[in-house]
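Reviewing the structure listed below.
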Amino acid sequence: MNAPLPVNFDALLAAGVNDQPCRYDDRDAMLYAFGVGFGRGIGDPRELDFIHEGRGLRTVPTMAGLLVPLDFLADSGWDAGRVTIAEQRLELFRPLPPKAELKADSRVVAVLDHGRELGVSILVESEARMARDDTVLFNLASTLLTDGSAGARGPEGSGPLPHKLPTRQPDLSCDLKSFTDMPLLFRLCGDRRSGRPVGDAARPQTVGPSPLQPQCAAGMACRAILHTICEYDFTLISGFDLRFAGALYSGEVLTTEMWQERNIVSFRSVVRDRDAVVIDNGKCTLAV
C-alpha cells in the first residue's frame, strides 16, 4: 500500500497560471464525442453531427473538462497518478466552437485536509477565454482528491455543497451501453491517467473489465441529457455540475436518471446491475 502523499499546502495555495495557451481542433471535438459513445448504440442519426462535420459540427459541452491542463500544479508536491477528480462544476457562457485557440487563467482556491483516511481536497478554478479577443468561453471548477498526509498541516472543511436531488422518482431515464474499447479510446482525448490495455496478458483474467475514466462517464451523462431532453441541441446546455461517486466499467450499461424543473435538470447516473452510483448530485442548467 502506498504511503500517504506529502502535500505542500503553502505551495498549492500559491499555485496559479495566467494566459496558459490551450487549443483544440475539429478532430479533437469529433474524437471526444466518439470517445463518449456518440454514433454507437442509440442509432439516432442526429448523433452523427457530433462525429462528422458534413452538416456543421456540434460539440459536447463536457469536453470543456479536458481543455484546461493542470500541469501548473506539478511543482506543489503532488503525484498526478495518485490524484482523482471528485467534483466538477462547469459554466458555459457560449457553446464550445468546433475548434478554438484559448487562453486560461487557473488558480488553487482552497486546500482542505480531511484526515489520513480521506486525504486532501484541492479546489481549482479556471477561466478559459478566446485567444483572439479575450471573450470568456467557460469557467471550470474542479475538486481534486489526493491521498495526502493528514494532521494539522492544512485547514479542514467540506468544500462546496453538492446539488440536492429531488426525492421523488425520476421523471426520465436513459440507458447507454459502454464499450470495451472506451477506456483506451478516451485516452486519446487527453486523459491518459487510466485505461489499461484490453487483453493484457500480464493482467489476471479474474480482474475483470477496465474502469472508464471519470470524465468519460461525465460525457456519457451529458450525452444522455442531450438525447433525452435537448433533442441534441448542444447550445441549450449552459452549466453542468456533478460529483463522481463510483466506477463505471467497460461493457456496463450506465443509466442516467433525470428530474426536470424549469431550466434545471437534476441527474444521477447508476449501474443498475450492481446497484452502484457512478455520478451523483448532477445539475445541468439549460439556457433560457
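The values are calculated or read from the model by the stated rules, or taken from the named source; none is laboratory data. These numbers were taken from a predicted model, which means no experiment stands behind them. Cβ coordinates were reconstructed from backbone atoms using ideal geometry, including for glycine residues, and neighbour counts include every protein chain displayed. Heads up: the accessible areas ignore ligands, DNA and RNA and are worked out on the full protein's heavy atoms, side chains in. Shrake-Rupley method; radii C 1.70, N 1.55, O 1.52, S 1.80 Å.
Observations on the structure shown:
- Cleavage-rule hits, GluC sites (Glu not before Pro), the stretch 23-100, DSSP coil, Cβ neighbours within 10 Å at most 16: Glu53
- In the context of the full protein assembly, Arg243 retains an accessible surface of approximately 70 Å², using a probe radius of 1.4 Å and ignoring ligands and nucleic acids.
- The lysines within cross-link reach of Lys103, meaning a Cα-to-Cα straight distance under 27 Å and a gap of 8 or more places when in the same chain, are Lys283.
- Accessible area of the chain divided out per residue, in Å², using a probe of 1.4 angstrom: 48
- Amide H within-cut-off set for Phe138, under 5 Å, with H built and near neighbours excluded: Phe93, Ala128
- The H on the amide N of Ala287, modeled in the peptide plane, is under 5 Å from the matching H of Ile237, Ser238, each at least 5 residues off or on a different chain.
- Computed from backbone phi, the HN-Hα couplings of the stretch 250-261 come to 4, x, 7, 9, 9, 9, 9, 9, 10, 10, 10, 9 Hz, rounded to whole numbers (Karplus: 6.51 cos²θ - 1.76 cosθ + 1.60, θ = phi - 60°; Gly and Pro given as x).
- Straight-distance crosslink candidates among aspartates and glutamates, where the alpha carbon sits under 12 Å from Lys99 and sequence neighbours closer than 8 are dropped: Asp25, Asp26, Asp28, Glu53
- Here the 3J(HN,Hα) profile of the stretch 18-28, calculated from phi with Karplus coefficients 6.51, -1.76 and 1.60 at θ = phi - 60°, is 10, 6, 6, x, 8, 9, 8, 10, 5, 5, 4 Hz, Gly and Pro shown as x.
- Simple label model, 7 Å out from Cα along Cβ direction - Asp25 to Ala247, nm: 3.6
- Amide H to amide H distances under 5 Å link Ser250 with Ser210, Leu212, where only residues 5 or more positions off or on other chains count and H is placed in the peptide plane.
- Integer Hz, Karplus 6.51/-1.76/1.60 couplings in order for the stretch 36-44, x for Gly and Pro: 9, x, 4, x, 9, x, 6, x, 7
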